[in-house]
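Everything below concerns the one structure shown next.
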Amino acid sequence: MKPVNVSDYRELARRRLPKIFFDYIDGGSFDEVTMQANRADFGDFELKQNVLVDPKPQDLSASYLGMRHPLPFMLGPVGFLGLYTGNGEIKAVRAAHAANIPFCLSTFSIASLTDLRAQTKGPLHFQLYVLEDRTLCEELLVAAEQAGVDTLFVTVDTAITGIRERDVRNGFRSLTRMTPGLFARLSLRPRWLAEMALGGVPSVRAIEHRPEFGRGALEQATNLSRGIDKTLSWKDLAWLRERWTGKLVVKGVLSADDAVKARGIGCDGVVISNHGGRQLDGASSTIRSLTGIRASVGPDFCLMLDGGIRRGTDIIKAIGLGADGVMLGRAYAYGLSAAGEHGVAGVIAILEKEVSVSLALMGIASIDELKARGHDVVIARGTSMTLI
Ligand code: HOC
């Protein structure tokens, strides 16, 4: 199948990855209500069609995180990219930088920031979990400084990992040793297995020098996730704001109050996120949270949004309703799992094309114009109806 949209890449990823990894990427917590709402709630908004508009050259560039970027979206942090394909993080950053868009490396990565820096001169962002072990946390910050990380995204919605029932059924977290049963399950995807076998035992590079976390990526990740600071509070965020001199963005905000607090302690922005519906099931979708947050923080505070982005029209809706930029997660993880660097580039190109075509059909020439026209062109369903 030649993929023509993100959902085709999802299907290709499903066919190529062992079920245990596909479900890890694809699944959410409990009944996956929030994960589904992230997608479904884009349907609550309509785009205004405008015809016979004088054509102007199209400009899809957007300002977010203090810089001008050629596209209104970037690649956000996704854990374990290097388990879906060999050197997954390197392939993803290469595709992002080929398109001149930012890439953010997850703490739970098989490649380190040093590995990435050896591959690219482009801007690197790093996603940090604040750990109880502040010495290790400090090591991560120093590594980020040494790699010239531009923006630190601190994730605040994962003090406790949500219960993802697909992972529980698949025994994802107990995948710490290769057993005959596991080998049999992985063998159902021989192409993936052959590729990964060449790379040896994958490890979470940021902590592999710490034997107390165990051996192999999944054992390390399970132990690392237990070390995430469960008592994290705004006081710690204020400490991090003082400690980190680069841009600091809080990832995992869904309420106006929290966004205002982040702005108050001097953060550079927030990511409106419910962790792709992987944490609090029942939390609101990100697109529904956006308008209230924008109204509370004012026009100049950077708002990024993730969750459920599968179409260029989703990106247009997010920008029109007040986001400065959008972060892809599962969308590019599907592309990577299906076809490596080429697959990530394919997802980026498809979304760019979808944004471009849809904006043209709306009679809008640029992302700046979309932002300026905002609620006039992205309209809550039902509110634009004229009854005769
Ligand atoms: C077993 C490790 O971002 C995710 C990650 C963070 C949780 C680590 C769990 O899966 O959503």
Next item on the list: Answer with yes or no whether residue 305 is within 16 Å of the ligand (Cβ to nearest atom), surrounded by 18 or more Cβ atoms within 10 Å (Cβ to Cβ) and either touching a residue at least 60 places away in the same chain (Cβ under 8 Å) or of a type in the set (A, V, I, L, M) (or both).
Entry: no
Check: If you go through the stretch 325-360, how many residues are of a type in the set (Asp, Glu) and either farther than 26 Å from residue 302 by Cα or crowded, with 24+ Cβ neighbours inside 10 Å (or both)?
Finding: 1
Item checked: Every pair of residues 6+ apart whose Cβ atoms lie under 6 Å, when the first sits in the stretch 224-238 and is farther than 16 Å from residue 253 by Cα while the second is outside any loop (DSSP other than H, G, I, E, B) and away from the ligand (no atom under 14 Å from the Cβ) -> none
Next item on the list: Within the stretch 1-34, track down each residue that is among the β-branched types (Val, Ile, Thr) and surrounded by fewer than 22 Cβ atoms within 10 Å (Cβ to Cβ).
Entry: 4, 20, 33
Next item on the list: For residue 105, work out the one condition from (1) more than 16 Å from the ligand (Cβ to nearest atom); (2) open to solvent by less than 10 Å² (accessible area, probe 1.4 Å) it doesn't fulfil.
Entry: (1)
Notebook entry, point to check: Given the stretch 32-139, what helices (runs of 4 or more DSSP H) lie entirely inside it while holding 1 or more residues that are more than 18 Å from residue 207 (Cα to Cα)?
Noted result: 33-40, 81-84, 88-98
Item checked: Answer from 224, 237, 188 - the residue that is assigned to a loop (DSSP other than H, G, I, E, B), at pLDDT 90 or above and not charged (D, E, K, R) -> 188
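Per-residue answers, yes or no, for (1) within 16 Å of the ligand (Cβ to nearest atom); (2) assigned to a strand (DSSP E or B); (3) surrounded by 15 or more Cβ atoms within 10 Å (Cβ to Cβ):
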residue: 141; (1), (2), (3): no, no, yes
residue: 154; (1), (2), (3): yes, yes, yes
residue: 158; (1), (2), (3): yes, no, yes
residue: 161; (1), (2), (3): yes, no, yes
residue: 183; (1), (2), (3): no, no, no
residue: 192; (1), (2), (3): no, no, yes
residue: 197; (1), (2), (3): no, no, no
residue: 203; (1), (2), (3): yes, no, yes
Checklist line | Of all residues making up the stretch 108-132, the number that are out of contact with any strand residue (DSSP E or B) (no Cβ under 8 Å at 6 or more places or on another chain) and within 16 Å of the ligand (Cβ to nearest atom) | finding: 3
Margin query: Exactly one of these conditions fails for residue 98: (1) within 22 Å of residue 251 (Cα to Cα); (2) surrounded by fewer than 17 Cβ atoms within 10 Å (Cβ to Cβ). Give me its number.
Written below: (1)
Notebook entry, point to check: How about the stretch 13-31: which of its residues are in contact with a Ser or Thr (Cβ under 8 Å, 6 or more places away or on another chain) and either assigned to a helix (DSSP H, G or I) or closer than 26 Å to residue 317 by Cα (or both)?
Noted result: 13, 16, 21, 22, 25, 28
Next item on the list: Note down all Cβ pairs under 6 Å where the first residue falls in the stretch 145-161 and is among the acidic types (Asp, Glu), the second is assigned to a loop (DSSP other than H, G, I, E, B), and they're at least six residues apart or on different chains.
Entry: 150/123; 157/279
Next item on the list: Output the residue which, of all residues in the stretch 163-181 that are part of a helix (DSSP H, G or I), within 16 Å of the ligand (Cβ to nearest atom) and not polar (S, T, N, Q), is surrounded by the most Cβ atoms within 10 Å (Cβ to Cβ).
Entry: 167
Checklist line | Qualifying positions in the stretch 51-85 - open to solvent by 10 Å² or more (accessible area, probe 1.4 Å), farther than 23 Å from residue 128 by Cα and in contact with a Leu (Cβ under 8 Å, 6 or more places away or on another chain) | finding: 58, 60, 61, 70
Check: Taking interchain pairs and intrachain pairs at least six residues apart, which have beta carbon atoms under 6 angstrom, with the first residue in the stretch 69-96 and closer than 15 Å to residue 334 by Cα and more than 14 Å from the ligand (Cβ to nearest atom) and the second open to solvent by 10 Å² or more (accessible area, probe 1.4 Å) and of a type in the set (D, E, K, R)?
Finding: 86/195; 91/341; 95/341
Check: If you go through the stretch 216-228 one residue at a time, do you hit one that is within 16 Å of the ligand (Cβ to nearest atom), open to solvent by 80 Å² or more (accessible area, probe 1.4 Å) and out of contact with any Gly (no Cβ under 6 Å at 6 or more places or on another chain)?
Finding: yes
Notebook entry, point to check: What number of residues in the stretch 240-277 are under 19 Å from residue 38 (Cβ atoms) and either assigned to a helix (DSSP H, G or I) or open to solvent by 30 Å² or more (accessible area, probe 1.4 Å) (or both)?
Noted result: 8
Checklist line | Single condition residue 325 does not satisfy, out of (1) among the small types (Gly, Ala, Ser); (2) under 14 Å from the mean Cα position of the chain (by Cα); (3) within 16 Å of the ligand (Cβ to nearest atom) | finding: (3)
Margin query: Could you tell me how many of the residues in the stretch 153-188 are of a type in the set (Lys, Arg) and out of contact with any Phe, Trp or Tyr (no Cβ under 9 Å at 6 or more places or on another chain)?
Written below: 4
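The values are calculated or read from the model by the stated rules, or taken from the named source; none is laboratory data. In this text, all values refer to a predicted model and were calculated from it rather than measured experimentally. Using ideal geometry, Cβ is built from the backbone for each residue, glycine included, and neighbour counts are taken over all protein chains shown. These accessible areas exclude ligands, DNA and RNA; they are computed on the full protein's heavy atoms, side chains included. Shrake-Rupley method; radii C 1.70, N 1.55, O 1.52, S 1.80 Å.
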